Amino acid sequence: MSKEYLPKERAIYQAVLVLFEEGADINNLTVSEITRRAGIGKGTAYEYFSGKEEMIAKAFFYNGELFCRQLYEGICKEKDFYHKVNYVLLAMEQQVARMDCIFRLIHMLSDNSSVSRWIRELLRQKKISGEVPVIDVIRRVLQDELDGRELPSEDKMIYLVLSIYSKVFCYGMALKEETFEGEEQREAVRGLISRGICREVEEILSLEL
């Protein structure tokens, strides 16, 4: 996470996440509800934000960035690529609230609410500055896996990032929809996804384009 956040900003972002976890309707939240949960005055909040739409949009980005940073730190401790992928899938199971933030963020990109417009603008700014956390984590893990080998073409990198992202995203959606019957089935699917991603990465990196 490249930006330094002030304590009152973080308090707002954490308050939005807690309210979301409690089932609050994000589009109907008020500034008063958010600031009360954050423990700061309503007037103080307007020193940092233009309104609730900016608070909510930035809160989703903040919590997504925080999750991705912590995720990458954990990934780096794993011994090989298979266990790195498996670590990501396990982290998704253990941090459902953070993952819900990311899924809600993606969902909001498709509607036309004022919060969604703020999110699209923030995403546009981050693309321009090269700071899209989920994509960055996947790229960094792939580059770490190369371990000094020649970097693949950008075509290969784009394909692998999209392929890994789609598989991880679909696993997260399956968790959200409570698709699995229990831990044994989740473990089996995690293993299949991890092995599948490993095979595909090796196959694509070995291709001559």
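The values are calculated or read from the model by the stated rules, or taken from the named source; none is laboratory data. If you're wondering where the values come from, they're calculated on a predicted model, not measured in any experiment. Every residue, glycine among them, receives a Cβ derived from its backbone with ideal geometry; neighbour counts consider all protein chains shown.
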**Report entry** Filtered residue count, the stretch 133-157, keeping only those that are loosely packed, with under 13 Cβ neighbours inside 10 Å and acidic (D, E)
**Finding:** 4
Requested in this report: Name, by its number, the condition in (1) over 19 Å from the mean Cα position of the chain (by Cα); (2) modelled with pLDDT of 80 or more; (3) not in a helix (DSSP H, G or I) that does not hold for N112.
Outcome: (2)
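In the list G64, G43, G23, which residue meets the criterion of being without any contact (Cβ under 8 Å) to a residue 40 or more places away in the chain and in a helix (DSSP H, G or I)?
Values: G64 fails: without any contact (Cβ under 8 Å) to a residue 40 or more places away in the chain; G23 fails: in a helix (DSSP H, G or I).
Only one candidate qualifies: G43.
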Query - Condition check for K8: modelled with pLDDT of 85 or more, among the basic types (K, R) and either crowded, with 19+ Cβ neighbours inside 10 Å or out of contact with any helix residue (DSSP H, G or I) (no Cβ under 7 Å at 6 or more places or on another chain) (or both) - result: no
Requested in this report: Take the residues in the stretch 184-209 that are modelled with pLDDT under 90 and in a helix (DSSP H, G or I), then tell me which one is surrounded by the most Cβ atoms within 10 Å (Cβ to Cβ).
Outcome: L205
